[in-house]
Amino acid sequence: MENLYETFNHFIVRAPVYKIQDFKGFHLKNKNENNIMGIMEEFKKDSIFMESLLVANSALYYMLIDLDNLDKKRLEKLFKSTSRYYCRMCSRSTPFGLFAGITTGKYVENKNNVIKFNEPKSHTKRARVDMEWLTKIVIYIENNLESIFNLKVYRNPLLFNEGNKLTLINSIRKYKENNTNPLLINVTKPIKIVLNYLYENKLVEGKRLIEELKIYYPEESNYSLSQFLHILLKEEILLSTLRPPLLDVDPLDYVIESLSNLTEYSNLRGDLLDIKKCIEVYNNTDLGKGIEEFEKIVNKMEKLSRSSHYLQVDLYLNFKKLELSSKLKKDLTIASRLLLSLSPNNTTPSLWKDFIEEFEDNYGTDAEVPIMQLNDVFHKLEANKGYSSIKKKSTLASFGYDRHRRNLFISYFIAALKNNSEEIVFDEEFIQEFEYYIQENELPDTFEIHASLMNGSKNDYKLVLGSMAGYATAGQNIGRFLDGIDRSVVEELTETFKLQSENSDTIFAETVYFPSDSRLSNISITKNLRSHEINLGTSTVNYQNTIELNDLVVGVCDDKIYLRSLSMNKEIIPTKNHLLNIAENIPNITKFLYQIYYQNTKIAAGFNVMEIIESPYI
């Protein structure tokens, strides 16, 4: 089979700030475990490590600063914790605070593979206010009764109509109260008036809703009507445009701009502008030189609202030289064939089979049902099949090899044993035999390959693929970093997605979800590289191309679930350009949208060697 994929012109590099040799040197230097105090003093002298520790775990940082006042037990505990952080800073490439970062590069013709780091202090910080803290600021403003007059509000898209009741399936405020159960609301006449008006007008100021209610309740005072609207806002039946979008904007900038029309909050707006300027100063400090500025920002933020976290910090790596050869690019293309040939078939997971069966039993085989009416089906699946605990890994576990490829792999394994070979060689013949059983219509449009490069010359190197080397769709791993990486990378991703959208009957739409645990939205802040978005519970800067849930219907065709937009009469394919996990506390409808993209699509999951993994020879 010819190469079905083309490797991007750009690559992503993820790396820790320190090298593994640094940890080895530290370990050799401090063999004597009795010298814990001396080791801790060495940590304190390392300004880069200390700033990284402050960003990641301020409690540990201040314990280390106050080292002399710790008893032996707390000192030993501190030693173990800080040593783990130091080990991570030397060995783990997953971007996390200032311990590891990310950058991008481009393949070069006829060059050796060269990755040379600059000094760690030259890397670039990118700090943003933590979304948990910013959400508290928004709630503080919304809790003020007087704010309702000038705030623009809209109907919460996560409200389900169930007869004479409304069900709100996701609430930030209830999450803070440790109440994750759906909120049930009786549909009274005033609520119906407000929601019907918002169906027609989408986005209005609170004072305009008061005027509308006054038509039906002329005897009520403006104060009592504003109290009523304020209750709807506090219960999140209504949402205000103060809640920041997660696409295409800096959340703090958005809130500052939104406050420009609320003169009663001019002092708060000034404080936020001051924090913004301090963050800009901090971002320009060298790594290891920003502790004082970081503490200054946190103190300012703490005065406005207390939170478990205040700043979310990422790191962009700078290199002296970053070149990977075009030969490596070609080898990665071959690796993509290998991954797909070894990956399990995408037999429809039981989750989808159960949904299709439940759907057709309830509505028939040719029905299209508004997605907002499927809440009962979601609840039934949750109760009977544990839908709430479905995650990516369990979805992958439901995929399996077909009998032919299973037997083929075992034959290669037995042949290697007979020949006393320590390896199974994945050569061209091997790949072609496995590719014979691939169904091209099940292949993913894009995916990422995760690999470690060992040795650096043009022709002599090792490419080590991870066990989950090719799962995510292109761009997910750099979703939250798109505002700071090379523009040409974003342009290449955008052009790729345009090719994916050439079918005029299909629209790919980024699914935007504001988690109940607002801190998780730090992960899902990104750019929208698609033409449309599906918005689940927050504001948007692109109302014209926002697809509302009440515009979507669900149908089944050829054992495949599809979404269709009633207003555009096109199939809608939800996408997710970030790495927010499909966790238990995410509403079922959000999981449903997130996972539709992967149904009936082969997952490039890497090496799954079935039952022979238990062989003593593996």
Treat each spin label as a single point 7 Å out from the Cα along the C-beta direction, and report the ARG208 to ASN110 distance in nm.
6.5
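Rounded to the nearest 0.05, what FRET efficiency do VAL13 and ALA59 have when you use their Cβ-Cβ distance and R0 = 30 Å? If you can, show how the numbers build up before the last one.
Details: r = 31 Å, r/R0 = 1.05.
About 0.45, to the nearest 0.05.
Just list whichever of LYS116/LYS327; LYS45/LYS320; LYS116/LYS498 have alpha carbons separated by over 23 Å in the model shown.
Pairs exceeding 23 Å: LYS45/LYS320; LYS116/LYS498.
Run the helix sum for the chain: -39,500 (n - 2.57) per DSSP H stretch of 4+ residues, divided by residue count, reported at 222 nm to the nearest 500 deg cm²/dmol. If you can, show how the numbers build up before the last one.
On the way: 22 runs with 251 residues, N = 618.
Counting only the DSSP helices, I get -12500 deg cm²/dmol.
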Using Cα pairs closer than 8 Å and at least 6 residues apart in sequence, work out the relative contact order for the stretch 10-127, in percent.
48
So which aspartates and glutamates can LYS24 reach, going by Cα to Cα under 20 Å and dropping same-chain residues fewer than 8 places off?
GLU33, GLU41, GLU42, ASP46, GLU119
Enter the Cα centre distance for the pair the stretch 85-119 and the stretch 485-536, rounded to the nearest angstrom.
25
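Taking 0.36 nm per intervening residue step and subtracting the Cα-Cα distance, what contour gain separates TYR223 from LEU273 on full extension? All intermediate terms of the calculation are to be shown ahead of the outcome.
Numbers: separation 50, 0.36 × 50 = 18.00 nm, distance 3.21 nm.
Extra length available between TYR223 and LEU273 comes to 14.8 nm.
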Taking the stretch 152-240, the lysine pairs whose C-alpha atoms sit under 15 Å apart (8 or more places apart or on different chains) add up to 10
From the list [x] -0.30; [y] -0.23; [z] -0.27, can you say which value of log10 I(q)/I(0) by the Debye sum over Cα atoms at q = 0.05 Å⁻¹ was derived from the structure given?
[z]
Which aspartates and glutamates have a Cα less than 16 Å from the Cα of LYS560, not counting those fewer than 8 places away in the same chain?
ASP354, GLU357, GLU358, GLU360, ASP361, ASP366, GLU368, GLU442, GLU571
Which one, ASN57, THR82, ASN112, is farthest towards the positive end of the dipole of the stretch 29-146 when Lys and Arg carry +1 and Asp and Glu -1 on their Cβ?
ASN112
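DSSP beta bridges in the stretch 430-568, what fraction antiparallel, as a percent rounded to 5? Could you put the intermediate results ahead of the total?
Values: 10 of 17 bridges.
In the stretch 430-568, approximately 60 percent of DSSP beta bridges are antiparallel ones.
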Nearest-0.05 FRET efficiency for HIS404 and GLU368 at R0 = 45 Å, using Cβ-Cβ distance, is 0.75
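Given the chain, what percent of its DSSP beta bridges are antiparallel, to the nearest 5?
Working: 49 of 65 bridges.
Antiparallel: roughly 75 percent of the beta bridges in the chain.
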FRET efficiency for GLU302 and GLU422 from the Cβ-Cβ distance with R0 = 60 Å, rounded to 0.05, comes out at 0.55
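Since every read-out is calculated from the coordinates, none of them should be taken as a lab result. Computed from a prediction, not measured in an experiment: that's the story for all the values here. Neighbour counts are summed over all protein chains in view; Cβ atoms, including those assigned to glycine, are modelled from backbone coordinates with ideal geometry.
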